[in-house]
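Scroll down for the structure; my scribbles are underneath it.
The values are calculated or read from the model by the stated rules, or taken from the named source; none is laboratory data. Remember, it's a predicted structure, so these values are computed and weren't measured experimentally. Glycine also receives a Cβ, built like all others from the backbone with ideal geometry; neighbour counts cover every protein chain displayed. Ligands, DNA and RNA are stripped out before the accessible areas are found, and what is left, the full protein with its side chains, is counted by its heavy atoms. Shrake-Rupley method; radii C 1.70, N 1.55, O 1.52, S 1.80 Å.
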Amino acid sequence: NNKLEDIEVSIMHVDSMHHRGHHTANIAKNLRPYLAHEWQRNLQNPDSICHKVGAESEIFRERPKEFTRHHVLGGRIESPKQNKGNDCGLFVLKFFQKFLSAPPTSIDVRIEKGRFFSN
């Protein structure tokens, strides 16, 4: 219903390296504390979305925003795969160029044991 309380945070890991890429669990584990730090830092900035959500959301008046693995799901989503390990930068730029020119309106995922996976 488009209230600020409806905003959810998920970490979507896009990996082009088949099974040689990075581990999604490690990425999410490292990003959660960073997100928590940035949230707290930006609460003080009246121009930030964090400040607006924190000020207008009834949920966050009752309890602080949490960035644990139970509150911020982490998962890998499908993406095109590259053949070589030395052209990652070009591959990422091309993928995001395509992503931004036609962004998805939703991502079809399933949640199992607090993690999400592409359907």
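Model label sites at L100 and K29, defined 7 Å from Cα along the beta-carbon direction, differ in position by 3.2 nm.
3J(HN,Hα) along region 67-82: 10, 7, 5, 7, 9, 10, 6, x, x, 9, 10, 5, 8, x, 10, 9 Hz, from the Karplus curve 6.51 cos²θ - 1.76 cosθ + 1.60 with θ = phi - 60°, whole Hz, x for Gly and Pro. In the complete set of protein chains, residue-level accessible area for M12 is approximately 100 Å², probe 1.4 angstrom. Sorting V92, V53 by accessible area puts them as V92, V53; the probe is 1.4 Å, largest comes first, and only protein heavy atoms count.
Hey, which of these cross-link pairs are over 28 Å Cα-Cα: K65/K98; K52/K94; K29/K52?
Where the Cα-Cα span goes over 28 Å, the pairs concerned are K65/K98; K52/K94.
With every protein chain in place and a 1.4 angstrom probe, the accessible-area ranking of I27, I49, largest first, reads I49, I27.
Sparse packing (at most 10 other Cβ atoms within 10 Å of the Cβ) combined with a DSSP loop state is found for the following trypsin sites (Lys or Arg not before Pro) in region 42-96: K84.
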